[in-house]
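What follows is a single structure, written as structure tokens, with notes after it.
FYI, it's all coordinate maths here, none of it is from the lab. Just so it is clear, the model here is predicted, and its values are computed rather than measured. Cβ placement follows ideal geometry from the backbone for every residue including glycine, while neighbour counts extend to all protein chains displayed.
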Amino acid sequence: MRRAVFLDRDGVLNRAIVVQNKPYPPANLAEFEVLPGAIEACAELRQAGFLLIVVTNQPDVARGTQRREVVEAINQTLLSNAPIDEIKVCYHDDGDQCTCRKPLPGLLIEAAKDWQIDLSSSFMIGDRWKDIESGRRAGCKTILVDGNYEEMLESTPDHRVHSLAEARDWIMNRLSTSKQKEFKVKPVSDLRVKIFADGADKAGMLEMYSKSFIKGFTTNPTLMRKAGVNNYVEFALEILRAIPDRPISFEVFSDEFAEMESQARVISSWGPNVYVKIPVSNTRHQPSYDLVHRLSHTGIQINVTAVMTLEQVHEVAAAVKGGAPSCVSVFAGRIADTGRDPLPIMTDALDLLKDSPEAELIWASPRELINIFQADAIGCHIITVTNDVLKKLQFIGKDLKDFSLETVKMFRRDAMLAGYRIKIE
């Protein structure tokens, strides 16, 4: 998967024609003027490994006030002067009800398919609210080039600048900061990230409860089923009697929001240390943000689970802002299963939660012990870890030569115990 910077055209790359504080595209080639520093900014972004895709609305063609060949001539001039990979154009007007006209994300999604782009690692730069909203819907980080136009911003950008050069600087600074976030292995007692044990085996949970570095617990119906739990309520109440003083998350399992709400209120009543896990959507892909907001603002501690996109984090953060203490479980391990690096997504998720101090970010479903130290390095609040991963803590700092020898001995021992033989003539 590749990264891209999506760029609006007029007002970002070339000068918009501003009339009564409202921007318009150039009417012809004579009015076309590349903005100072725009070509240099594009070149540096390309050098940093980004694809550059222009996504532009040109509705005047549909309205009959502009000819398509003029728009194409301007685009060709831009391509001849700037290191841009492609220009995607929507020629429709609102009445055409297309899927490509910003604020819809159609142009970005089409480019992502064409160029194998990871939208969650990409940026959208524009000078109007429609640009920002299209980028947000696509899952990109968004940057507003503020032209002080007289229009309301219906979407909040991740960052504001006054030029493409400033946008480039912000992106490059984020890349540099990300590279500097190197992690080092350190004693568990020195970790800032809180380790929550993830499981539903009572004996294993009590074993983890005896360890002071385990700060909480999470469960889910899948783990319970694997552990052979038959009575959900009986199991939960038994665990809460044994572990009364650390946060524990129990999940609703209805697919209907009304019933989810009823289940959540019952689960919440089981104890002051209970967090209720609410899936980010139901199985019909209907988001649960309204339910999360309602529960959170009536004092119920929520753990929103199965989150995997920054758009979902953004919506959940808004839903829990000002409510009861809550958690946002981003499934970093499952994100990694798709071939994506979860680290930038988790870092961006932390940024999105800055305005919701009641919410803590959970690095969920980690696959390796090293994920604990990665989560700690970026300042993630919580990481959920299964017992089999936690048992690997004994290997921290182990000499690799010794570890190699122990591995060879293990293979030899198991071959002998199994009685394997190869007949040699």
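Note that the range 74-91 has calculated 3J(HN,Hα) couplings of 5, 4, 5, 5, 5, 4, 6, 10, 10, x, 9, 7, 6, 10, 9, 10, 9, 9 Hz, one per residue in order, obtained from phi through the Karplus relation 6.51 cos²θ - 1.76 cosθ + 1.60 (θ = phi - 60°); glycine and proline are x. Pairs exceeding 30 Å between alpha-carbon atoms, taken from Lys354/Lys392; Lys226/Lys354; Lys202/Lys401; Lys202/Lys277: Lys354/Lys392; Lys226/Lys354; Lys202/Lys401.
If amide hydrogens are placed 1.01 Å from N in the peptide plane, which non-local residues have theirs closer than 5 Å to the one on Leu191? Amide H neighbours of Leu191, under 5 Å, 5+ apart: none.
What the phi angles of the range 40-52 give under the Karplus curve with 6.51, -1.76 and 1.60, with θ = phi - 60°, is a coupling list of 5, 5, 4, 4, 5, 5, 4, 5, 7, x, 8, 6, 10 Hz, glycine and proline written as x.
Cross-link reach is defined here as a Cα-Cα straight distance under 21 Å, omitting same-chain residues fewer than 8 places apart; for Lys102 the lysines meeting it are Lys22, Lys88, Lys113, Lys130, Lys141.
You can think of it this way: the chain between Lys211 and Phe395 has 64.5 nm of extra reach, that is 0.36 nm per residue less the Cα-Cα gap. When peptides 337-344, 121-128 are ranked by their average number of other Cβ atoms within 10 Å per residue, the highest-first order is 121-128, 337-344. The 3J(HN,Hα) values that the Karplus relation (6.51, -1.76, 1.60; θ = phi - 60°) gives for the range 11-20 are, in residue order, x, 10, 9, 10, 5, 7, 8, 9, 10, 6 Hz. Gly and Pro appear as x. The mean sequence separation of alpha-carbon pairs under 8 Å and at least six residues apart, normalised by the residue count of the chain, gives a relative contact order of 11 percent. Averaging the Cα positions of each part gives two centres, and for the range 352-425 and the range 94-133 these lie 39 Å apart. Each peptide in 294-307, 246-259 gets a packing score, the mean of other Cβ atoms within 10 Å over its residues, and the list from highest to lowest is 294-307, 246-259. Full extension of the chain between Asp245 and Val34 gives 69.7 nm of extra length, using 0.36 nm per residue less the Cα-Cα distance.
Report the calculated FRET efficiency for Ser163 and Arg68 (r = Cβ-Cβ distance, R0 = 25 Å), to the nearest 0.05. Computed FRET efficiency for Ser163 and Arg68: 0.30. DSSP assigns beta bridges within the chain; of those with both partners inside it, close to 10 percent run antiparallel. How are the alpha carbon pair distances in the chain distributed across 10 Å bins from zero to the largest one, expressed in percent? Spelled out per bin, shortest first, that is 4, 19, 25, 20, 16, 10, 5, 1, 0, 0.
For Gly339, neighbours were defined as the other residues whose beta-carbon sits under 14 Å from its Cβ, and their charges (Lys and Arg +1, Asp and Glu -1) total +2. If we count every other residue with Cβ under 14 angstrom of Thr298's Cβ, Lys/Arg +1 and Asp/Glu -1, where does the sum land? After counting each charged neighbour, the total is -1.
Amide hydrogen proximity for Ala16: with H placed 1.01 Å from N in the peptide plane, the residues at 5 or more positions away or on another chain lying under 5 Å are Gly11.
Only beta bridges with both residues in the range 4-180 are counted; by DSSP, about 15 percent of them are antiparallel. Isolated cysteines in the chain, defined as those with no second cysteine Cβ under 4.7 Å, comprise Cys42, Cys98, Cys140, Cys327, Cys380. Listed peptides 103-110, 155-162 appear in the order 103-110, 155-162 once ranked by packing, highest mean of other Cβ atoms within 10 Å at the front. Put a dot 7 Å past the Cα of Ala318, heading toward its Cβ, do the same for Asp190, and the two dots end up 4.2 nm apart. Taking every DSSP beta bridge that has both ends in the range 188-395, the antiparallel portion is near 5%. Label sites at Phe253 and Leu175, each approximated as a point 7 angstrom past Cα along Cα to Cβ, lie 4.8 nm apart.
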